[in-house]
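Scroll down for the structure; my scribbles are underneath it.
The values are calculated or read from the model by the stated rules, or taken from the named source; none is laboratory data. From a predicted model like this one, the values you see are computed outputs, not experimental measurements. Note that each Cβ is placed from the backbone with ideal geometry, even for glycine, and that neighbours are counted across all protein chains shown. When the accessible area is computed, the model is the full protein with side chains, heavy atoms only, and any ligands, DNA or RNA have been set aside. Shrake-Rupley method; radii C 1.70, N 1.55, O 1.52, S 1.80 Å.
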Amino acid sequence: MTTDGRHLLNGGKLPLIAPDLLGDILAAAADICLLVSPTRRIISVLVNPHHRSFGQLTDWEGSNLKDVLTEESLRKLNSRLDDLRTSSTRGKGPLSLELNHADQQRWEFPVRYTLHRIGGDESILMLGRDLRPIAEVQQQLVAAQLALERDYETQREMDTRYRVLMEVSRDPVVIVSMSSGRISDLNPAAAQLLGGQRVDLVGAAIAQEFEGRRRGEFLESMSNLAVAESSAPIELTARRSQKRVLVTPTVFRAAGERLLMCQLDAADSAANSTDELAENLSRLYHEGVDGIVFADAEGMIRAANEAFLNLTDSANMAAIRGRSLTDFLARGAVDLRVLLDNVKRTGQLRMYATRLTTDFMGQIAVEISATWLNDRPNPILVLVVRDASRAESLRRPTFGQPDDGVRNVMELVGSSTLKDIVAETTDVIEKMCIETALELTRNNRVAAAEMLSLSRQSLYVKLRKYGLINKSDD
Amino acid sequence: MHFDMQNGTVRRASGAAGGVSQFAAEVVARLVARDVSPDGTLRDDLVDRLLAAVSSGDFASFETLKPELKRARVSATMLADHYIPEVARRLGEAWMQDCASFAQVTMGVSRLQAILREIGVQWAADASGTAVGPTLLLILPHGEQHSLGAMVLAGRLRRLGLSVCLRIAPDVAELVSLLAARQFDGALISIACEDKLETCRKLVETIRHASGGRMSVVVGGALLERCDTIVDLTGADAATNDIDRALSALGLSERQAAMLEPA
């Protein structure tokens, strides 16, 4: 089909139009109409008299197209006109394209044109549809977008300040949603006092973090306390750390949500007046990579740090306090006796190699150094527990570290289906085994096939599949 | 290699089973390493899907694409630095070919920007990086509508460990008070159109004046592909779209920035 007007005229479907009427019809049919000479000079401009004004366009007559188009539109028009010239237009509709007009950098407006070749020469009739209404909406969208981005940048700044403030503040602070009773945010100081990791505590029910408190009761007493004037803070016991904590609540509203900010203080803060060494030791205990355990003379655990909890996969301090060390040592009572006998005799024991039993029945190689603190009525056994599995695996250079292995598996799971993982794994194993068989047989394929219990043919198929075959071998 | 000879202790496994687990761990490590595509190679089908997702009226279509990107191990970094710019280029190309109207292009780019923002929330060198690390001012001049490139750049710089202050269309007074209040190690200006050259020249002048000539300014953006006299026209210290070159023109080599990158 063609929409070529002459075809319609010739077919008698439209009557012949008198030339003096044609101009009016063209002007009325399009919003803007340009007649362009083969040299790209604008011969005439017809503007729809019923349409919103484009401004003074009569100046355009006689000027070149390139003076009234933006840079990129001119480039586009030129390339499309080249297409028009080289390709046959027969069987195709008229060329349609969006162009941006610019009048001496003063103003810009977009027009959707259809291009029609008229007459025998390269003269072109451009019928344009004004796109300004769309452009205006688009401009509003862009402006809204930029405003949004500006807001996000401001928010990013405020967000960073808030995070840094929370991060470094030494005063433990917990923010709780009053409607859900769950922790919305807390700083590391608060997490340490409560005896958990920040990630675990965010989203946890605040009432559960304290001994003997139910949700409704907790929130109610907190909000009562918050509005009461000059009342003393509530003293509670944190469930995970088993520490006595003084809670000072403040209720505030933020964007329609009622929030409870709890400032926490250790109840025994009088004894907390620490010197630098004590503070450093305490930081080492909480942040160090090696597990540290304090136990009594019978091997009952009195305290252990986060690193030890991680080593043993224990959920929290409450889960191991009061339990015997024998629960965690692979050789149980034997290990404990060796440790205790040695430290009682010499005061310390170094590099004792054993394994820890984790809560999930796994085992992990460790090295333990033990110290006996005998300067008090109830002596204390201190263990520093170092994960030795990494060191062990480092001694075997051919294999990846187990920790990496675990991480790698975590990376795979969730990113592929089990079926895909198994299929890909099988391929890798096949390839490794075949490579090994070839290595062992010094590239004797018959022997390698035999070693793998494969027919020679299937070995060749697999060699090809894994690209283990040279072109010259074929 | 003798797999059966590895008989030592493995974390959370022991004895003969340990050898097998370790073998499996080794296999998995190879799988993971193999499937991460080298930097800069894009999968055409994913580019097409992303293009279709941002061009469709239904924004949920990106949500359905997400698991697929994850499966193809396209990282957020890869998405931001390579896929999003490529899709934006194709949108522009579609306008050149009149396959898309400018309104569709604008909508598409705005969706790309939303995706970029979503995946880049965590990219802040500010809190995690070294406190003494470099700080940069990145400016999108007034009237410049192409902001995606500046956003992509801000994300990359932040991941390099630079603290970036992005200012969109700041007026002179705002810029002067910003420069009086803060110290930046350099400024970057992004321009895409010829008609922003004059605005850009004024920005450079303002920055130099307000910083007492201390700050260097580098201009980048789409305009560089068409105009090679930008340095002369704007008075900037350099014009480049290459981060390394921009940073060294500002006296901050990428090596230095990378050293500050948090592990």
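Values for this structure:
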| quantity | calculated |
| --- | --- |
| Subset of segment A:259-270 [modelled with pLDDT of 85 or more, open to solvent by 40 Å² or more (accessible area, probe 1.4 Å) and not polar (S, T, N, Q)] | A:M261, A:D265 |
| All positions within segment B:137-175 that are among the hydrophobic types (A, V, I, L, M, F, W, C), open to solvent by 60 Å² or more (accessible area, probe 1.4 Å) and touching a helix residue (DSSP H, G or I) at 6+ places or on another chain (Cβ under 6 Å) | B:V172 |
| Enumeration of residues in segment B:152-184 that are under 24 Å from the mean Cα position of the chain (by Cα) and among the polar types (S, T, N, Q) | B:S163, B:Q183 |
| Members of segment A:329-365 found to be open to solvent by less than 20 Å² (accessible area, probe 1.4 Å) and either among the hydroxyl-bearing types (S, T, Y) or within 14 Å of another protein chain (Cβ to nearest Cβ) (or both), listed by number | A:T354, A:L356, A:T358, A:G362, A:I364, A:A365 |
| Matching entry among A:G196, A:G203, A:G216 (being assigned to a loop (DSSP other than H, G, I, E, B), out of contact with any Pro (no Cβ under 8 Å at 6 or more places or on another chain) and either surrounded by fewer than 18 Cβ atoms within 10 Å (Cβ to Cβ) or free of Cβ contacts under 8 Å to residues at least 12 places away in the same chain (or both)) | A:G203 |
| Residue identified as within 15 Å of the chain's Cα centre (by Cα), within 12 Å of chain A (Cβ to nearest Cβ), part of a loop (DSSP other than H, G, I, E, B) and not aliphatic (A, V, I, L, M) among B:H142, B:H146 | B:H146 |
| Check on A:R386, part of a loop (DSSP other than H, G, I, E, B), open to solvent by 40 Å² or more (accessible area, probe 1.4 Å) and either within 30 Å of A:L340 (Cβ to Cβ) or at pLDDT 70 or above (or both) | no |
| Per-region count, segment A:1-39, residues at pLDDT 85 or above and charged (D, E, K, R) | 1 |
| Single unsatisfied condition, B:P134 versus (1) modelled with pLDDT of 85 or more; (2) out of contact with any His (no Cβ under 8 Å at 6 or more places or on another chain) | (1) |
| Answer residue from segment A:27-47, given it is in contact with a strand residue (DSSP E or B) (Cβ under 7 Å, 6 or more places away or on another chain) and part of a loop (DSSP other than H, G, I, E, B) and is most open to solvent (accessible area, probe 1.4 Å) among those | A:R40 |
| Boolean, B:E225 is open to solvent by less than 10 Å² (accessible area, probe 1.4 Å) and either modelled with pLDDT under 85 or of a type in the set (G, A, S) (or both) | no |
| Any chance B:A60 is of a type in the set (G, A, S), over 17 Å from B:D44 (Cα atoms), more than 9 Å from chain A (Cβ to nearest Cβ) and surrounded by fewer than 18 Cβ atoms within 10 Å (Cβ to Cβ) | yes |
| Residue check for A:S73: modelled with pLDDT of 85 or more, of a type outside the set (A, V, I, L, M) and over 21 Å from B:M96 (Cβ atoms) | no |
| Members of segment B:21-49 that are β-branched (V, I, T) and either at pLDDT 70 or above or more than 30 Å from the chain's Cα centre (by Cα) (or both) | B:V27, B:V28, B:T41, B:V47 |
| Segment A:102-138 - residue that is open to solvent by 50 Å² or more (accessible area, probe 1.4 Å) and at the interface with chain B (Cβ under 8 Å from one of its Cβ atoms) and, of those, modelled with the lowest pLDDT | A:Q105 |
| Among (1) surrounded by 12 or more Cβ atoms within 10 Å (Cβ to Cβ); (2) at pLDDT below 80; (3) away from chain B (no Cβ under 14 Å), the one test that A:N444 misses | (2) |
| Yes/no for B:I189 being within 25 Å of A:E108 (Cα to Cα), more than 14 Å from chain A (Cβ to nearest Cβ), under 23 Å from the mean Cα position of the chain (by Cα) and free of Cβ contacts under 8 Å to residues at least 40 places away in the same chain | no |
| Residue identified as surrounded by fewer than 16 Cβ atoms within 10 Å (Cβ to Cβ), aliphatic (A, V, I, L, M), more than 31 Å from the chain's Cα centre (by Cα) and not in a helix (DSSP H, G or I) among A:A297, A:A303 | A:A297 |
| Long-range neighbours under 9 Å by Cβ, at least six apart or interchain, first residue more than 14 Å from A:L373 (Cα to Cα) within segment A:334-348, second in a helix (DSSP H, G or I) | A:V334/A:T326; A:D335/A:L325; A:D335/A:T326; A:L336/A:L325; A:L336/A:T326 |
| Residue under evaluation A:T86, criteria (1) within 43 Å of the chain's Cα centre (by Cα); (2) more than 12 Å from every other protein chain (Cβ to nearest Cβ); (3) modelled with pLDDT under 85, criterion not met | (1) |
| Residue in segment B:102-124 that is modelled with the lowest pLDDT, counting only those that are facing another protein chain (nearest Cβ under 8 Å) and over 15 Å from B:L50 (Cα atoms) | B:A124 |
| Matching option when the condition is at pLDDT 85 or above, farther than 29 Å from A:W372 by Cβ and within 34 Å of the chain's Cα centre (by Cα), among A:R239, A:R215, A:R253 | A:R239 |
